[in-house]
1. Only one of 125, 90 is under 30 Å from residue 25 (Cβ atoms), part of a helix (DSSP H, G or I) and at pLDDT below 95. Can you tell me which?
2. Report, by residue number, each residue of the stretch 13-53 that is more than 18 Å from residue 98 (Cα to Cα) and exposed (fewer than 12 other Cβ atoms within 10 Å of the Cβ).
3. Among the residues of the stretch 16-38, which ones are closer than 16 Å to residue 95 by Cα and modelled with pLDDT of 85 or more?
4. I'm told residue 13 meets every condition in (1) modelled with pLDDT under 80; (2) over 26 Å from residue 107 (Cβ atoms) except one. Can you identify the failing condition by its number?
């Protein structure tokens, strides 16, 4: 008798088949969320609203609008900071959207911290082994 029944044909839910089905469903749902995120458009602006950045839901910069007054009123250092602030604000908004998506995929359960993952040390060991090979 095998110790692990990967077919799922063992008693009740003992096999890995139900786990593999759940992982497949989660993978499909995650891929759908990523496609939806890429189609989203999120904007952010600097504090004065003179520079507005638009990014995709996956935080790819799509468009940057600089108000003509900013070109007149700001020196090059202030303008570059305004651009950075606008892009950062847009990307933070996109990250919030991704976090919301992950929360939906996780059925609202709290996200575990990196030290709380019971498989973390095994996955780390596997990655270290892969790097050596």
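The values are calculated or read from the model by the stated rules, or taken from the named source; none is laboratory data. Source: prediction; values computed, not measured. A quick note on method: Cβ atoms are made from the backbone with ideal geometry, for glycine too, and the neighbour counts reach across all protein chains shown.
1. The conditions single out 125.
2. Across the stretch 13-53, the qualifying residues are 13, 21, 22, 23, 24, 25, 47, 49.
3. none
4. Single failed check for residue 13: (2).
Yes or no, residue by residue, for (1) surrounded by 11 or more Cβ atoms within 10 Å (Cβ to Cβ); (2) at pLDDT 90 or above; (3) in a helix (DSSP H, G or I):
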{"residue": "55", "(1), (2), (3)": "yes, yes, no"}
{"residue": "59", "(1), (2), (3)": "yes, no, no"}
{"residue": "101", "(1), (2), (3)": "yes, no, yes"}
{"residue": "107", "(1), (2), (3)": "no, no, no"}
{"residue": "112", "(1), (2), (3)": "yes, no, no"}
